[in-house]
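Presented below is the structure to which this report refers.
None of the figures in this text is laboratory data; all of them are computed from the coordinates on show. Being a predicted model, the structure only gives us computed values, none of them experimental. Here the Cβ positions follow ideal geometry from the backbone for every residue, glycine too, while neighbour counts run over all protein chains shown.
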Amino acid sequence: MSTHIDAPKGAIAETVLLPGDPLRAQWIAETFLDNAQCYNKVRGMLGFTGTYKGRRISVQGSGMGVPSALIYYHELIADYGAKTLIRVGTAGSYQRDIGLRDVVLAMSASTNSALNDRKFNRAHFAPTANFDLFKKAMAYADKKSIPIKAGNVLTNDVFYEDDPKDFEKWADYGVLCVEMETAALYTIAAKHRVRALSILTISDSLVTKEFTTSKERESSFKQMVDIALNIS
């Protein structure tokens, strides 16, 4: 048991899928896992463990933003021995050729969070994906004919920007999309020498202004989950 996860030792698998939305965690567990059992309801941040093709897998909601997500990432690693953490989240597209429901693999994560400025005394640590997981994800997506975009993403501390064109400076440098947790995941994974990958589905576009509904974001983005479950 840890401060924010009410699970006994051994209740959480070494591989954990990490949606921000706890209801997406429940949907993943009920849709993809066999014999899924809920191990956490603290603060409504649902967590489940079951099996997929005979392997134990856990799914844990992490909330929105770096501070919330880091709590769960830290406790999963430090208190429960998680070794492989795969974010399955949503993102907003920064590029015209990346549309709704496209799947993005985050090779690296730029950020405007102060997380690593504080850690490294204003030097700039570059959070990156685990190469083994990234390579497996690319191979599996190719095998299943799932189109993939891969590159740099932005982990943003601000959801509602004052300047609606703020994203353009990132887009000009090739940043693919924006989300709110990946830089934190890659940083803590590097510190603890565990594997991490962020697999994202585009839920809206800052270029075209298209968007999906909250229900679609909760329970219809199956391709990224399929990839995550088959590379761990």
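So which residues in region 166-209 are over 14 Å from the mean Cα position of the chain (by Cα) and crowded, with 22+ Cβ neighbours inside 10 Å, if there are any at all? Residue satisfying the conditions is LEU176 alone.
Of the residues VAL153, VAL207, only one is out of contact with any His (no Cβ under 7 Å at 6 or more places or on another chain), in a loop (DSSP other than H, G, I, E, B), touching a residue at least 40 places away in the same chain (Cβ under 8 Å) and of a type in the set (A, V, I, L, M, F, W, C); which?
On the way: VAL153 fails: in a loop (DSSP other than H, G, I, E, B).
None of the others qualify; the one that does is VAL207.
Given the residues GLN37, GLN60, GLN95, which is the only one that is more than 13 Å from GLU181 (Cα to Cα), of a type outside the set (D, E, K, R) and crowded, with 22+ Cβ neighbours inside 10 Å? Talk me through it step by step, then tell me what you get.
Numbers: GLN37 fails: crowded, with 22+ Cβ neighbours inside 10 Å; GLN95 fails: crowded, with 22+ Cβ neighbours inside 10 Å.
From the options GLN37, GLN60, GLN95, the qualifying one is GLN60.
Each row is one residue, and each column tells you yes or no for (1) of a type in the set (Gly, Ala, Ser); (2) in contact (Cβ under 8 Å) with a residue 24 or more places away in the chain; (3) surrounded by 21 or more Cβ atoms within 10 Å (Cβ to Cβ).
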residue	(1), (2), (3)
HIS4	no, yes, no
ALA13	yes, yes, yes
GLY20	yes, yes, yes
TRP27	no, yes, no
GLU30	no, no, no
LYS41	no, yes, no
THR49	no, yes, yes
ASP79	no, yes, no
LYS83	no, yes, no
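Here region 210-232 is the region considered, the condition is being part of a loop (DSSP other than H, G, I, E, B) and out of contact with any strand residue (DSSP E or B) (no Cβ under 6 Å at 6 or more places or on another chain), and the residue that is surrounded by the fewest Cβ atoms within 10 Å (Cβ to Cβ) is THR213.
With the structure loaded, tell me whether GLU161 is in contact (Cβ under 8 Å) with a residue 40 or more places away in the chain and charged (D, E, K, R) or whether it fails that test. Explain how you work it out, then say what you get.
Details: in contact (Cβ under 8 Å) with a residue 40 or more places away in the chain: no; charged (D, E, K, R): yes.
Answer is no for this residue.
Checking each residue in region 124-157 for being within 16 Å of GLU181 (Cα to Cα) and among the charged types (D, E, K, R) picks out only ASP157.
Scan region 182-209 residue by residue and report those that are of a type outside the set (A, V, I, L, M, F, W, C) and in contact with a strand residue (DSSP E or B) (Cβ under 9 Å, 6 or more places away or on another chain). Of everything in region 182-209, those that are of a type outside the set (A, V, I, L, M, F, W, C) and in contact with a strand residue (DSSP E or B) (Cβ under 9 Å, 6 or more places away or on another chain) turn out to be THR182, TYR186, THR187, ARG195, SER198, THR201, SER203, ASP204, SER205, THR208. List the pairs whose first member sits in region 55-73 and is assigned to a strand (DSSP E or B), whose second member is surrounded by fewer than 19 Cβ atoms within 10 Å (Cβ to Cβ), and whose Cβ atoms are under 7 Å apart, counting only residues at least 6 apart or on separate chains? Going by the 7 Å Cβ cut-off, the qualifying pairs are ILE57/THR51.
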